[in-house]
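The values are calculated or read from the model by the stated rules, or taken from the named source; none is laboratory data. Note that the coordinates shown come from a computational prediction; the quantities given were computed from them, not determined experimentally. Positions of Cβ are backbone-derived with ideal geometry, glycine not excepted, and every protein chain shown enters the neighbour counts. The protein model used for the area step is the full one, side chains on, heavy atoms only, and it has no ligands, DNA or RNA in it. Shrake-Rupley method; radii C 1.70, N 1.55, O 1.52, S 1.80 Å.
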Amino acid sequence: MKLENVTLEMSLKPFWNPSRENCLQICRELFRQWEPLCRHANKVSVQLWIGDGSEILDYRGIPEDKFEWARYIGCVNRQPSKERLKLDPECQQLHTKSRLYRDNPPEFDYRFLNDLVAIIKNAGRERLGKAILVGGTFDPGPEFAKSSFKYERHAEICSASFGDSKKTDVVSCSATLTGDTFHYAGFPDGIPAGTPFGFFLGRQTRHFLAGMGMNFIWFSNGFGFGNCPWGYDGLLFDGKTYTPEQADMVKKQMLDFWRMFKAECPDYPVYVRGTNMTTGIDLASDGVPLKQIYAGGFIQQPPVNSPWAALNLNLGLELAGWMSHIAELPGKSFAFRFYTHDPWWINSPWLDRYERQPYDIYLPLAVSRIAADGAVQTASSVNFLSIDDSLGNMPEQVPNEVTPRLLECLNSAPDEAGPLVWVYPFDEYHAWIKPETGRIGEVMFGDLLVMDAINRGLPLNTVVSTASFVANKRRNAGFLDGRVIVSPVPNAGSEWEGALFRHVEAGGKALVYGPLRNAGDRFREALGVKLAKPLDGSMRLNLDAALTGLVENFASKWNFEHQSIISGGGLEETGGKHVLASAGKDGEKRSYAIEVSLGQGRLVWLRGTPSKFSALNFPEHIAERLNLPMETELFYPERLFSVLLDRCGWRFAFHRGDATAHEPVVAVSRHRNGFYYTGTNHHTLVEHELRAPFGAPVMNGYEAQLKDGSAFYRWPRTWRHECRVFVKQNKQSVISCREHCSHLHGITRWITITGLEDAELAIFPEPGAENRLTVLPNPRTPYVNGAFARTCPDGKDGWKFFRTVDKLSGKVLIYW
């Protein structure tokens, strides 16, 4: 395992005593704490959260100038309303009013900052024996430090928002500056009226980074990616209506920003946080031209995974968003970011929000992408926000606990596709927001639905773009054999459609979602579907009897709400060869899920209805809905996504027992021919029912109840378990799988299975161990003789495993 880069993000709060000796001691301690991880990296970076970026905007090139820095807790540039002060007259709540993080914090000048950068580099080189890069940050918002530039001298640049359209106090990258006569490093005579903000920021950033001896810049909180980086609405969608006719204008404005910035600051790499959203949501709401930003070479890597899952538990949005961003890359790699501390808002997520549970390490690091050449890629760099807390402390407990979990995942990172692969229409979504296509609503819908489905237990953690899917299928007909393709309805007559059909007809499975009004004749005819008048609003769902046992309905009826505005239009599909679900109202019925056999494979289609569900169900404004009704009132049909996997041979059923016990978020990744089942429970009493095409999974170190062909588990809050044995048996029993030390020379794995009843095993040994695989029923020392069970290799459907020929009961030893 080798990391490309480890980035340690920190504020200036630990340097409350700005003496050179104290700063050196702090930096030495910083690198000592994180050395166990940093030694695995080719390079190490320190990213300084100095202020809010105004230290760049105001920079004059004069070392003695003092700058405002992030010495506060809470939002600095917002004042509480009268209503707020009535509720909290002493301003005790963090969001009412900011406070200094300590009494009499120091003032800093640029000479100190320049010296500090040198101290960081020297301390890191001394401890780690490698060069240290140091970067600055720019944040467009009002939170971190006082800014006279943003909110007094040039308030005209603040026309964006973080989700509340009434609070336009966020810098827009496409803003134009009024003139002034203030002296700046890049504009000694002041800013000429009409100067584009991107031009100004680029020149100032170049001077600032050079003057401070820094190496890169980070754009925070969605800067450069639209006007509403935290919301589901924006310049092209106001929650009620899409305005795709503005897409070209918005695209030009954003790309003009990036071109001007890079023209003025060409020699320094730019890294980005990106928005909280997915590629599709950003396109449909704010017209963010991610494809062109990548192609322009403006940024080094795609946006990192959003840290907001720690705040609102919307892991579906984090995972879907990250996969949509890495489906294509601007370079050759991408980075994972973990939220250890917050230097601004009195929380240290690892210690409080996450409750020291590593699910936001395990789940994102189960994610992989497939490149155009078929290579599986995982995150090769790691960022930590941040290594200091809001009071300037650096508790050693955090790196001591986080580092081993991270190394565990990196050492067993995915090296092939997981069981489900998301074919993501990266290029197509950029085309579909054009007004002539009439498909902008489908772009919003598709990503919302997948987000909801992941939040409801869909184990989707591998992504490939449509372009790479087609390229791989063209070169290798067996590409993704055995995997379930998860894809929007493909463009009519496209190579995407052709590759999808070839996959299914050759024996593969596909779970396709979305409306069929723009599907080709071949696709609609395969399903046996015709179109009728679209329906929306309150619907009644009817499920095939085979599916009702896999999903609990806590409402009195199978009613759900289909909002056309976020659902790609109304329900208009009728008929179908094998209808698994239908929905309707007022005596009219529409097909909602259909299954057909094509060639040797199976195609399952789901129309889909997103709800923007997440475990905390925060109030969100979209299509005039402020809150989601409880599940005792309505059924949420995004839950059908994981249910329909059963038609593809994979069962992920969650027996909740109560409407408040939400589904877990899960992932299944592959490493050295093994399976890693990973996830987090929102409620630890939820029972997991699992099954694969080759049997019930038996996790290393756990017991499972085998019943009706499935394994039943109750997991703790967070889990990550290796699985190399799957069991098929008709009888009910409790199976245990335990690993022990080897008792034989040359043997590396020693696994004991107990509780079998006339069972057939599917065993997935590590590559290179196939010839050593041994299965010994009723094992006794010295373990080299006895009635060994016969095995035969089984490589169908792209999986590489061995199946036992003989039925096995009781205790079995497996070693290789």
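Restricting to segment 42-58, count the residues that are assigned to a loop (DSSP other than H, G, I, E, B) and either farther than 27 Å from residue 383 by Cβ or open to solvent by 10 Å² or more (accessible area, probe 1.4 Å) (or both).
1
Residue check, residue 646 against (1) more than 21 Å from residue 564 (Cβ to Cβ); (2) modelled with pLDDT under 95; (3) among the charged types (D, E, K, R), all met but one. Which one?
Of (1) more than 21 Å from residue 564 (Cβ to Cβ); (2) modelled with pLDDT under 95; (3) among the charged types (D, E, K, R), only one is false for residue 646: (2).
Just for segment 317-368: of the residues that are open to solvent by 10 Å² or more (accessible area, probe 1.4 Å) and among the small types (Gly, Ala, Ser), which one is nearest to residue 719 (Cα to Cα)?
This residue is 348.
Of the residues that sit in segment 145-160 and are out of contact with any helix residue (DSSP H, G or I) (no Cβ under 6 Å at 6 or more places or on another chain) and open to solvent by less than 10 Å² (accessible area, probe 1.4 Å), which one is farthest from residue 42 (Cα to Cα)?
Filtering segment 145-160 for residues that are out of contact with any helix residue (DSSP H, G or I) (no Cβ under 6 Å at 6 or more places or on another chain) and open to solvent by less than 10 Å² (accessible area, probe 1.4 Å), the one farthest from residue 42 (Cα to Cα) comes out as 154.
Would you kindly identify the strands (runs of 3 or more DSSP E) lying entirely within segment 707-751 that contain at least 2 residues that are closer than 17 Å to residue 812 by Cβ and modelled with pLDDT of 95 or more?
718-728, 733-739
Restricting the search to segment 59-84, which residues are in a loop (DSSP other than H, G, I, E, B), surrounded by fewer than 21 Cβ atoms within 10 Å (Cβ to Cβ) and at pLDDT 95 or above?
Of everything in segment 59-84, those that are in a loop (DSSP other than H, G, I, E, B), surrounded by fewer than 21 Cβ atoms within 10 Å (Cβ to Cβ) and at pLDDT 95 or above turn out to be 60, 61, 62, 63, 64, 65.
Restricted to segment 299-350, and to residues that are part of a loop (DSSP other than H, G, I, E, B) and of a type in the set (A, V, I, L, M), which residue is nearest to residue 37 (Cα to Cα)?
304
For residues that are within 17 Å of residue 754 (Cβ to Cβ) and not hydrophobic (A, V, I, L, M, F, W, C), scanning just segment 782-805, find the one that is modelled with the lowest pLDDT.
786
Taking the stated definitions as given, is residue 516 farther than 25 Å from residue 461 by Cβ, in a loop (DSSP other than H, G, I, E, B), at pLDDT 95 or above and open to solvent by less than 30 Å² (accessible area, probe 1.4 Å)?
In short, yes.
Can you find even one residue in segment 779-789 that is open to solvent by less than 50 Å² (accessible area, probe 1.4 Å), more than 30 Å from residue 477 (Cα to Cα) and in contact with a Pro (Cβ under 7 Å, 6 or more places away or on another chain)?
Looking for residues that are open to solvent by less than 50 Å² (accessible area, probe 1.4 Å), more than 30 Å from residue 477 (Cα to Cα) and in contact with a Pro (Cβ under 7 Å, 6 or more places away or on another chain), one finds at least one in segment 779-789, hence yes.
Would you pick out the residues in segment 102-143 that are open to solvent by less than 10 Å² (accessible area, probe 1.4 Å), in a loop (DSSP other than H, G, I, E, B) and in contact with a Pro (Cβ under 9 Å, 6 or more places away or on another chain)?
Correct list: 140 only.
Does segment 345-360 contain any residue that is of a type in the set (A, V, I, L, M), more than 15 Å from the chain's Cα centre (by Cα) and modelled with pLDDT of 95 or more?
Yes - at least one qualifying residue is present in segment 345-360.
Please state which one of 527, 511 is in contact with a Cys (Cβ under 8 Å, 6 or more places away or on another chain), at pLDDT 95 or above and surrounded by 17 or more Cβ atoms within 10 Å (Cβ to Cβ).
511
If the Cβ limit is 6 Å and pairs must be 6+ apart or interchain, which residue in segment 308-330 that is under 15 Å from residue 281 (Cα atoms) and at pLDDT below 95 pairs with which residue that is open to solvent by 20 Å² or more (accessible area, probe 1.4 Å) and not hydroxyl-bearing (Ser, Thr, Tyr)?
The qualifying pairs do not exist here.
Please state which one of 688, 655 is modelled with pLDDT of 95 or more, under 30 Å from residue 405 (Cβ atoms) and open to solvent by 10 Å² or more (accessible area, probe 1.4 Å).
Being modelled with pLDDT of 95 or more, under 30 Å from residue 405 (Cβ atoms) and open to solvent by 10 Å² or more (accessible area, probe 1.4 Å) holds for just one of 688, 655, which is 655.
For segment 291-298, check the following and say yes or no: at least one residue is more than 17 Å from residue 138 (Cβ to Cβ) and within 16 Å of the chain's Cα centre (by Cα).
No; the residues of segment 291-298 include none that is more than 17 Å from residue 138 (Cβ to Cβ) and within 16 Å of the chain's Cα centre (by Cα).
Can you pull out the residues in segment 267-296 that are part of a loop (DSSP other than H, G, I, E, B), surrounded by fewer than 23 Cβ atoms within 10 Å (Cβ to Cβ) and in contact with a helix residue (DSSP H, G or I) (Cβ under 9 Å, 6 or more places away or on another chain)?
267, 268, 296
Can you pull out the residues in segment 527-548 that are acidic (Asp, Glu) and under 11 Å from residue 581 (Cβ atoms)?
544 - this is the single residue of segment 527-548 that is acidic (Asp, Glu) and under 11 Å from residue 581 (Cβ atoms).
For segment 751-770, indicate whether the set of residues that are open to solvent by 60 Å² or more (accessible area, probe 1.4 Å) and polar (S, T, N, Q) is non-empty.
No, the conditions are met nowhere in segment 751-770.
Within segment 634-705, which strands (runs of 3 or more DSSP E) (wholly inside it) include 1 or more residues that are among the charged types (D, E, K, R) and within 27 Å of residue 512 (Cβ to Cβ)?
In segment 634-705, the matching strands (runs of 3 or more DSSP E) lie at 651-655, 665-671, 687-691.
Of all residues in segment 555-588, which are on the phi > 0 side of the Ramachandran plot, part of a loop (DSSP other than H, G, I, E, B) and among the small types (Gly, Ala, Ser)?
Once the filter is applied, which keeps residues that are on the phi > 0 side of the Ramachandran plot, part of a loop (DSSP other than H, G, I, E, B) and among the small types (Gly, Ala, Ser), segment 555-588 yields 568, 569, 576, 587.
Within segment 403-420, is there a residue that is on the phi > 0 side of the Ramachandran plot, of a type in the set (D, E, K, R), open to solvent by 10 Å² or more (accessible area, probe 1.4 Å) and touching a residue at least 60 places away in the same chain (Cβ under 8 Å)?
No, the conditions are met nowhere in segment 403-420.
Name, by its number, the condition in (1) more than 13 Å from residue 56 (Cα to Cα); (2) open to solvent by 50 Å² or more (accessible area, probe 1.4 Å); (3) of a type outside the set (D, E, K, R) that does not hold for residue 244.
(2)
So in segment 530-553, with the set limited to residues that are in contact with a Leu (Cβ under 8 Å, 6 or more places away or on another chain) and assigned to a loop (DSSP other than H, G, I, E, B), which one is most open to solvent (accessible area, probe 1.4 Å)?
Filtering segment 530-553 for residues that are in contact with a Leu (Cβ under 8 Å, 6 or more places away or on another chain) and assigned to a loop (DSSP other than H, G, I, E, B), the one most open to solvent (accessible area, probe 1.4 Å) comes out as 536.
Looking at segment 616-627, which of its residues are on the phi < 0 side of the Ramachandran plot and either at pLDDT 95 or above or open to solvent by 20 Å² or more (accessible area, probe 1.4 Å) (or both)?
If the condition is that a residue be on the phi < 0 side of the Ramachandran plot and either at pLDDT 95 or above or open to solvent by 20 Å² or more (accessible area, probe 1.4 Å) (or both), then 616, 618, 619, 620, 621, 625, 626, 627 are the ones that fit.
Could you tell me which of the residues 481, 427 is charged (D, E, K, R), surrounded by fewer than 24 Cβ atoms within 10 Å (Cβ to Cβ) and not in a helix (DSSP H, G or I)?
481
If you check residue 706 against the conditions, is it of a type outside the set (D, E, K, R), open to solvent by less than 20 Å² (accessible area, probe 1.4 Å) and over 30 Å from residue 657 (Cα atoms)?
no
Select from segment 195-240 the residues that are in a helix (DSSP H, G or I) and open to solvent by 10 Å² or more (accessible area, probe 1.4 Å) and write down the one among them that is nearest to residue 185 (Cα to Cα).
Among them, the one singled out is 207.
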